[in-house]
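Notes for the one structure printed next.
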Amino acid sequence: MPVNGGTERTTTVIIGTGLSGLAVGAELRRRGVHAIVVDGLDILGAAQPANTASLQRCDAADSESLRERNEILRHLRNYAASHHMDVRTTTRAVQLTMVGGEAGGTSTGTAAGSPSGQWEVHTPNGILLADNIVLTRCAHSQLRRMLSDFGITVGRNLVAAMRQIGIYLVGVGELITPSPKEVLRQAKTVGQAISATVHPESAAAV
C-alpha cells in the first residue's frame, strides 16, 4: 500500500467497494488478474480538478432488488475475505489522471518521464498506477463530462469510447441502476475483457 505519497503498481484499480466493485474484483481474481478495490465516487478530471463535476452514486431499486443485492453482496464479501482479495474500504480515490497513451487521436498530455501505466488513481495514501480502471454506479452524463475534461470526444457508444482508454463500467445504467443479475453479467463481461488484455494467450486458446 502506498504510504505518505508513495506509488504502487497494479493491473487494475476498481473504484467502488459495493456489489459492482466486488463482483468484478471476484471475476478478475478467478482469472488470475491482480486488482485493487478502493472506495470513492468523487473522481475528478485531469485538466481542471477543481472545476470538474464529481461522479455521484446513482441508486434506485425496489425492496425485492435490495434483498437480492444484499444477499449477493454478503456472498461476495465472504469470497473476497476467503480469497484474500485486495479490498481497501478505508482508502478513497479522490482524483483520476491519464498519464499515457492517446485516445481518438487526441494527445493526453503525458509528461516526459512519466512512469509506465495508463492511469494514476490518487488517494490520501499515495498513487495507484494501473493499466485499467473500473468505475461503478455512475450516471452516463457524468461519465461523458469526465471524458470531455480529458479532451476526449465521445460518440454515441460511451462504453466503447471508455474501453479504448482502459476504463470499464460495471453497475452503470442509462437511467436507472441495473438489477443485481445485470451487475453480475456486466462484471463477468468486464472480467473477460480485462483478462484478455492481460493474458492474451489464454483468450486465444478459448
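Each reported figure results from applying straightforward, stated rules to the coordinates on display, with no laboratory input. Everything numeric in this text was worked out from a predicted model, so none of it was measured. Cβ placement follows ideal geometry from the backbone for every residue including glycine, while neighbour counts extend to all protein chains displayed.
Worth pointing out:
- Scanning residues 5 or more positions from Gly126 or on other chains, those with amide H under 5 Å from its amide H are Gly5, with H placed 1.01 Å from N in the peptide plane.
- The listed peptides 118-129, 17-28, 74-85, ordered by packing as a protection proxy, come out as 17-28, 118-129, 74-85 (highest mean of other Cβ atoms within 10 Å first).
- Model label points for His140 and Thr189, set 7 angstrom from Cα along the Cα-to-Cβ axis, are 1.2 nm apart.
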